[in-house]
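The values are calculated or read from the model by the stated rules, or taken from the named source; none is laboratory data. Predicted model only: the values in this text are computed from it and were never measured. Heavy atoms of the whole protein, side chains included, go into the accessibility calculation; ligands, DNA and RNA do not. Shrake-Rupley method; radii C 1.70, N 1.55, O 1.52, S 1.80 Å.
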Amino acid sequence: TKANIGVVGLAVMGSNLARNLASREGNTVAVYNRSYERTELLITEHPEAGFIAAADIDAFVASLAKPRTAIIMVQAGKGTDAVISQLTERFEPGDIIVDGGNALFTDTIRREKEVSAKGINFVGAGISGGEEGALKGPSIMPGGSAEAYKTLGPILASIAAIAEGEPCVTHVGTDGAGHFVKMIHNGIEYADMQLIAEAYDILRHAGGYSPAEIAEIFEEWNKGDLESFLIEITAEVLKQVDAKTGKPLVDVILDQAGSKGTGVWTVQTALNLGTPVSGIAEAVFARSLSSQASQRAAVDGLPADATKWSVSDKAAFVEDVRRALYASKLVAYSQGFDAIRAGAKEYNWNINLGAVSKIWRGGCIIRAQFLNRIADAYDKNANLESLIFDPFFKQAVATSVSSWRQVVANASLAGIPVPAFASSLSYYDGLRSPRLSAALVQGQRDFFGAHTYKRVDMEGTFHTLWSGDRSEVEQAPSTH
Ligand code: 6PG
């Protein structure tokens, strides 16, 4: 028998995905890894999977039924290019190569162009959910051609997480669309994590709660609007006691946050697209600041001049923090979806935002009930200008905004850093403002660089003769 699907790259994610595939009715899975030991380990540990183990790339390709379909699960970057060229040398027109790694979407666009020139389908698929998700059901964000999705869709649907009866997979769009959406998923993941961490910091340092008590608060929050995988695991982390010292584990973990690049990509991409993902950016920069080890070590008594946040009504305080977190989170998601829309426009993808929010309800790191509300919002109005304008979210913000201001203001006074809370609130106020200080920036630009400005009361482009008599001249409309 031949395999209907193959997996190349058998590190944890690849092995787990291969096992997931093999466990589903109708799949026979071929597996290949550069060094055979890993393949051998997998097939000995999991005889139940009935893998077809290939010792080399030729045997792997020969073991696949046509159209040959192979999922690459190797470290993003050069490794991926090497495997792609090995496969394209052996595959035939109509065959399908899937890159399931965290590839940069522009690499995926390039690879799709190169591979499809040979008649072979190339699908960049974002896969979220970590090791456990890969094994039990991830959220999958495939790009690529509609033709490839005909063969691939059912296979991916068979292994994806199920949310409310629906598999967490959808054909996101052509070429790099899937990896683009996965990138934004990760950006939102960064913001969500940072916001939760800021809420924790406030509860700890202004509220005086212990990590174990905060775990209980988060467990409580997990029953309401904030219900999500990230809140759930945060409670687990906070409950953990270090076996070596008996202290809460969170107190012995070095406070320098690492990253592998997708958050940075989100922000870089958003900067290029001109779409403000300020919450995500603050989350990325907060990790950067935390990791400036030598700078932080050199700090010697920088003045705080902070005032103590006196909490009289603890229940009200906790509720304020919860609301501030919810509203900030809404901003992060709203900014993330705006970035997807901006990307879709730039790269000519037809992305259904409601469908994206639905496949994030299960399997992925940001999975949450809350995504149903986002799906509802886009179902009602596919052209919604901002999620915040949807009646449900508008109401949610209306309920939270006063708490949000209290929390940001008090945290500032108390000297507790809340970059993501604060920037999300500022973004909201910016969005809300009928008139922004940008008018003055335009004036400044015109002063030093004759960059011109538009007027609120008439058509045209204007410049003030700042170094002359300061009269205003109208710029002739450009002729090209
Ligand atoms: C997922 C995650 C995953 C990501 C990790 C680590 O969706 O399963 O997003 O793809 O690699 O979360 O990311 P950082 O190391 O950058 O925090």
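Counting only protein heavy atoms and using a 1.4 Å probe, the accessible area of residue 13 comes to about 60 Å². Put the Cα centre of the stretch 322-389 next to the Cα centre of the stretch 162-180 and the gap is 13 Å. A 1.4 Å probe over all protein chains sorts 408, 311 by accessible area into 311, 408, starting with the largest. According to the square roots a ≥ b ≥ c of the eigenvalues of the Cα gyration tensor, what is the shape class of the stretch 282-323, taking rounded for a/c under 1.5, prolate for a/b larger than b/c otherwise, and oblate for the remainder? Taking the square roots of the gyration eigenvalues as a ≥ b ≥ c, the stretch 282-323 is oblate.
Taking all protein chains together and rolling a 1.4 Å probe, residue 151 ends up with roughly 50 Å² accessible. Remark: the stretch 363-370, residue by residue, has Karplus-estimated 3J(HN,Hα) of x, 8, 5, 9, 4, 6, 4, 3 Hz, where x stands for each Gly or Pro and the curve is 6.51 cos²θ - 1.76 cosθ + 1.60 at θ = phi - 60°. Taking a ≥ b ≥ c as the square roots of the Cα gyration tensor eigenvalues, the stretch 250-327 comes out oblate, since a/c reaches at least 1.5 and a/b does not exceed b/c. The Cα atoms of the stretch 159-211 give a gyration tensor whose axes a ≥ b ≥ c have a/c of 1.5 or more with a/b no greater than b/c, which makes the shape oblate. The stretch 76-203 has equivalent-ellipsoid semi-axes of 29, 17, 12 Å, by the square roots of 5 times the alpha carbon gyration tensor eigenvalues, sorted largest first. Summarising the amide proton neighbourhood of residue 52: residues at separation of 5 or more, or on other chains, whose placed amide H is nearer than 5 Å comprise 29, 30, 31. Using a probe radius of 1.4 angstrom, the carbon and sulfur fraction of the accessible surface of the chain is 53%. Of 463, 185, the order by accessible heavy-atom surface (1.4 Å probe, DNA, RNA and ligands excluded), from most exposed downward, is 463, 185. Couplings 3J(HN,Hα) of the stretch 149-165, computed from phi: 5, 4, 7, 7, x, x, 5, 5, 4, 5, 10, 6, 4, 10, 10, 6, x Hz, in residue order, whole Hz [Karplus 6.51 cos²θ - 1.76 cosθ + 1.60, θ = phi - 60°; x for Gly and Pro]. In the stretch 283-419, Rg over Rh equals 1.07, where Rg is the alpha-carbon radius of gyration and Rh the Kirkwood radius from pairwise Cα distances. Ranked from largest to smallest solvent-accessible area, with a 1.4 Å probe on the protein heavy atoms, 171, 205, 179 come out as 205, 171, 179. Restricting attention to the stretch 1-151, close to 15% of DSSP beta bridges with both partner residues there are antiparallel.
Accessible area of residue 209 (1.4 Å probe, protein heavy atoms only, ligands and nucleic acids ignored): about 40 Å². Amide H contacts under 5 Å for residue 123: 97, 98, 99, restricted to partners 5 or more places along the chain or on a different chain, H placed in the peptide plane at 1.01 Å from N. Computed from Cα atoms, the angle from the helix 12-22 axis to the main principal axis of the chain rounds to 60 degrees. Under 5 Å between amide hydrogens, built in the peptide plane, is the criterion, and for residue 3 it picks out 64, 65 among residues at least 5 positions away or on other chains. For the stretch 340-413, the solvent-accessible area with a 1.4 angstrom probe is 46 square angstrom per residue.
A simple rule links phi to the HN-Hα coupling: the Karplus curve 6.51 cos²θ - 1.76 cosθ + 1.60 with θ = phi - 60°, which for the stretch 413-426 gives 4, 7, x, 9, x, 9, x, 6, 4, 5, 6, 5, 5, 5 Hz, with x for Gly and Pro.
The smallest convex shape that holds all Cα atoms of the stretch 369-408, its convex hull, gives 71 Å³ per residue. Considering all different alpha carbon pairs of the chain, the Kirkwood hydrodynamic radius works out to 24.8 Å.
In the context of the full set of protein chains, residues of the stretch 161-264 present 43 Å² of accessible surface per residue (probe radius 1.4 Å, heavy atoms only). Where both bridge residues fall in the chain, DSSP classifies roughly 40% of the beta bridges as antiparallel.
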